[in-house]
Amino acid sequence: MTGAAHATVLLREAVDALVWDENACYVDGTFGRGGHSAEILARLSARGQLFAIDKDPEACAWARQRFANDERFSIIHGSFADLPDLLATQQLPEAAGVLLDLGVSSPQLDDAERGFSFQHDGPLDMRMDPRRGQSAAQWLASAGEAEIARVLKEYGEEKFARRMARAIIKAREQAPITRTGQLAEIIKAANPAWEKSKHPATRAFQAIRIFINEELLDLQRLLDQVLELLVIGGRLVVISFHSLEDRLVKRFIRNQENPVVPRGLPLRDSEIQRRLRSVGRAVRAGAEEVAVNPRARSAVMRVAEKVA
């Protein structure tokens, strides 16, 4: 089992924003290696509860080991997109706060066998839950050029998506693409404009990981349901590492804070139902945190409170 060598991003900022009632129930929708969960538990009374979720069976095993003696804590193996059903099965009350720390954890990135990183050669897997769905290698073996290009463009905002997709198709005709090192070299050779201080395969690997794990779909599903899970005054705290994720969260909060009213509809301002209010501005990791943990540099945290 991979240990806890993981620097939790925006730790105090996230928990400060999340926990406002020490006796309430909170949800950590992305347990990872438990940095946020440990800090949440430190803020709760003996009556408080923390319900954690993670897709990764290794993370769940780590959680059960780390918090085995804390009766306030429970974890379920699954996706936060299924949070309503998961809370119902646990007979938990409405939550005073839901925290999402999106993306992958350091142990996942650093374990070559998980296949997330182009920096460590390993099996081309990329699944957060290796027991479910198709691996990146399986998908790349059967996907058409247009589909690969769409994924790289849509989820990685990759300018050279078509060129890279063409190179992948050509390479797999010679030999199956089963290793992260293989894929990184193919993409690197197909990228004509390398960005300074960024590996040329960064966007492509990110895109394939997001697609394989349905990360944006899961986030949208959770956002569509989260207001029904929160008490009045409850907090939604989301840390994003990708512009597409942050855009979804920003748009959701904005639409709930200032709903679009059809033009000509005779409504007073007081009659417009606003269900959320933004709490502060978007928060980014400071220079000191980024110096210690470079992966924090792309983190953006948004906070909203349920008002109706």
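Across segment 228-248, which residue is surrounded by the fewest Cβ atoms within 10 Å (Cβ to Cβ) among those that are touching a helix residue (DSSP H, G or I) at 6+ places or on another chain (Cβ under 7 Å) and in a helix (DSSP H, G or I)?
The extreme case among them is LEU244.
Given (1) in the same structural domain as ALA190 (by TED's automatic domain parsing); (2) at pLDDT below 95, identify the lone condition not met by HIS120.
Checking HIS120 against (1) in the same structural domain as ALA190 (by TED's automatic domain parsing); (2) at pLDDT below 95, the one that fails is (1).
For the subset of segment 20-34 comprising residues that are closer than 14 Å to GLN49 by Cα and in contact (Cβ under 8 Å) with a residue 40 or more places away in the chain, which member is surrounded by the fewest Cβ atoms within 10 Å (Cβ to Cβ)?
My answer is TRP20.
I'd like the full set of residues that are β-branched (Val, Ile, Thr) and in contact with a strand residue (DSSP E or B) (Cβ under 8 Å, 6 or more places away or on another chain), limited to segment 194-228.
VAL226
If I filter segment 71-88 down to residues being out of contact with any strand residue (DSSP E or B) (no Cβ under 9 Å at 6 or more places or on another chain) and touching a residue at least 12 places away in the same chain (Cβ under 8 Å), which single residue comes out as farthest from GLY32 (Cα to Cα)?
My answer is PRO84.
What number of residues in segment 48-64 are in contact (Cβ under 8 Å) with a residue 60 or more places away in the chain and more than 15 Å from HIS36 (Cα to Cα)?
Selection size over segment 48-64: 4.
Suppose we keep only residues that are among the polar types (S, T, N, Q) and either buried (at least 23 other Cβ atoms within 10 Å of the Cβ) or part of a helix (DSSP H, G or I) (or both) within segment 74-115. Which one would you say is farthest from the chain's Cα centre (by Cα)?
Among those residues, the one meeting the criterion is THR89.
The values are calculated or read from the model by the stated rules, or taken from the named source; none is laboratory data. The structure displayed is predicted, hence computed values, not measured ones. As a convention, Cβ positions derive from the backbone with ideal geometry for all residues, glycine included, and neighbour counts pool all protein chains shown.
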